[in-house]
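Below you'll find the structure, written out as structure tokens, and then a few comments.
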Amino acid sequence: MARKDLKPEATSEKVLECVQKHCPECGSRMWNEYNNLRHVRTLEGVVQLRLKIYRCQNMSCDRYRIAYRPEQEGSWILPHHEFGLDVIALVGALRYQDHRSVPQIHIHLKSKGVCISERSVTHLLARYDELLSLWLRDISRLKAVIKEQGRLILAIDGMQPTVGHEVLWVIRDCLSGEILLAKTLLSSKTEDLAALLLEVSNTLNVPIDGVVSDGQQSIRKAVEVALPGIAHGLCHFHYLKEASKIIYEADRHAKKQLKKHVRGIRKIENSISGDEKRVAAIVSKYCSAVRASLTSDGRPPLDASGLKLQERLTLIEQSLTKVEKKKLYQSH
Ligand SMILES: [Zn+2]
């Protein structure tokens with residue numbers, strides 16, 4: 001039977017980079033050989049993920065041409081799924097904390113704008129149950145996989161569907177892509193998170209090379225407590241997002257100040273009509289250069305529009321200074 005609902009279009013795109021760009025096995029630089037596109041239905045709309053996949057190019061390495069996927073991918077979505085982990089977390093919370101039935105959860109999700117069928121709600125509830133039970137059920141298989149691999153790079157994320165709901169904590173391994181542990185906690189206190197990390201490291205008993213997270217204060221402390229001395233990388237996306245707030249504000253302020261200096265363009269443009277034709281043409285070209293630099297916007301934080309304006313105005317100023325020098329030279 002044909003699907004009743006067409007797949008919803010993506011409303012935004014996120015590019016996910018790998019934090020780790022060197023091969024975890026041999027240490028040589030990996031290449032971004034191809035990108036994967038995945039559509040994720042989240043509580044905030046449909047997001048298209050552009051995943052930068054890296055592979056080791058060293059032919060003598062055990063991980064030669066084995067894909068290394070962005071660490072953040074697993075915090076969005078489970079393998080072979082189309083609904084985000086936030087939706088799964090909400091389904092679980094509505095079922096077990098609020099004791100709602102599947103049809104009620106379905107209506108709730110629809111009202112939040114999530115395109116989903118009732119059957120999918122049932123599936124997601126099953127995934128939620130599996131996630132929480134996987135630790136106990138699948139431990140021997142997991143142990144075998146991890147032992148063979150000989151090391152772990154952990155990623156830890158907390159999904160809180162809405163305020164007041166329990167947080168679904170998920171710990172993954174970035175090398176194998178396996179979910180190692182999923183638990184719901186009422187709080188996100190350092191000691192509770194440290195206990196989760198310790199549970200993973202004690203049970204699997206292989207060296208942990210590093211941890212990747214969004215750098216939330218309680219996670220940072222938990223890593224320090226549970227895994228002292230182990231490198232803790234912040235996800236670049238979250239890192240940039242935090243840093244960009246300050247940069248963006250400063251840049252916007254700078255742009256405002258700069259704009260004050262180039263007010264009155266219209267006045268100049270109006271005044272040149274009577275002048276000699278050749279001069280008028282040159283002056284009007286300068287005016288449009290200034291105008292163009294005022295309207296071209298950069299994309300913060302990496303391409304700051306204030307800085308761009310400053311660069312362009314400097315170029316115009318340098319050019320004007322040159323003209324002025326030439327004029328002085330000619331008049332002598
Ligand atoms: Zn390698």
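Summary table below
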quantity	calculated
Spatially proximal aspartates and glutamates relative to LYS277 (Cα-Cα < 15 Å; intrachain offsets below 8 disregarded)	GLU269
Per residue accessible area of the range 247-331, 1.4 Å probe, in Å²	81
Percent carbon-and-sulfur accessible area, the range 150-239, ignoring ligands, DNA and RNA, probe 1.4 Å	51
Under 16 Å from the LEU328 label point (7 Å along Cα→beta-carbon), backbone N, the range 254-296	none
Dipole axis of the chain (+1 Lys, Arg; -1 Asp, Glu on Cβ), positive-most option in THR11, LEU234, ILE265	ILE265
Residues LEU186 and GLN104, FRET efficiency given R0 of 22 Å [Cβ-Cβ distance, rounded to 0.05]	0.45
The chain - charge dipole about Cα centre, Lys and Arg +1 at Cβ, Asp and Glu -1, debye rounded to 20	1760
Extreme residue, positive dipole direction of the chain, given options TRP31, TRP76, VAL121 (C-beta unit charges)	TRP31
Proximal aspartates and glutamates to LYS322, defined as alpha-carbon separation beneath 19 angstrom and excluding residues fewer than eight positions away on the same chain	GLU311
Out-of-range pairs (alpha-carbon distance over 21 Å; input LYS110/LYS245; LYS259/LYS285; LYS260/LYS308; LYS189/LYS221; LYS52/LYS143; LYS21/LYS183)	LYS110/LYS245; LYS52/LYS143; LYS21/LYS183
Alpha-carbon Rg/Rh ratio, for the chain, with Rh computed the Kirkwood way	1.15
Cα-based equivalent ellipsoid of the range 84-136: semi-axis lengths in Å, sorted from largest, via gyration tensor	19, 11, 9
Antiparallel bridges, percent of DSSP beta bridges restricted to the range 150-239 (to nearest 5)	60
Shape call, the range 88-206: gyration tensor on alpha carbons, a/c limit 1.5	prolate
Three-way shape label, the range 247-331, alpha-carbon gyration tensor, a/c 1.5	prolate
Net charge over other residues, Cβ less than 14 angstrom from the Cβ of TYR64 (K, R count +1; D, E count -1)	+1
Under Karplus coefficients 6.51, -1.76 and 1.60, residue-wise ³J(HN,Hα) of the range 168-184 in Hz, glycine/proline x	8, 9, 10, 10, 10, 9, 6, 7, 9, x, 6, 7, 8, 7, 9, 8, 9
Formal net charge of residues neighbouring THR295 (Cβ-Cβ distance under 13 Å; K, R +1; D, E -1)	+4
Within the range 47-100, trypsin sites (Lys or Arg not before Pro) in DSSP loop having at most 13 other beta-carbon neighbours inside 10 Å	ARG65
Modelled label reach - ASN205, point 7 Å along Cα→Cβ, the range 122-157 residues with backbone N closer than 11 Å	none
Among ILE53, ILE246, ILE282: highest mean-square fluctuation, GNM of the chain, C-alpha pairs under 10 Å	ILE282
The range 1-77: antiparallel DSSP beta bridges as a percent of all, rounded to 5	70
Cα convex hull of the range 1-119, projected area averaged across orientations, nm²	9.6
Environment charge at ILE107 (Cβ cut-off 12 Å; Lys +1, Arg +1, Asp -1, Glu -1)	+2
Rounded to 5, the percent of DSSP beta bridges in the chain classed as antiparallel	65
Whichever aspartates and glutamates have a C-alpha closer than 14 Å to that of LYS256, once near sequence neighbours (fewer than 8 apart) are set aside	ASP297
Mean accessible surface per residue for the range 84-136, computed with a 1.4 Å probe while every protein chain stays in place, in Å²	47
Calculated FRET value between VAL262 and HIS39, using beta carbons and R₀ = 45 Å, to 0.05	0.50
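The values are calculated or read from the model by the stated rules, or taken from the named source; none is laboratory data. Not measured: the values here are computed from a predicted model. A quick note on method: Cβ atoms are made from the backbone with ideal geometry, for glycine too, and the neighbour counts reach across all protein chains shown. All accessible areas refer to the heavy atoms of the entire protein, side chains included, with ligands and DNA or RNA removed. Shrake-Rupley method; radii C 1.70, N 1.55, O 1.52, S 1.80 Å.
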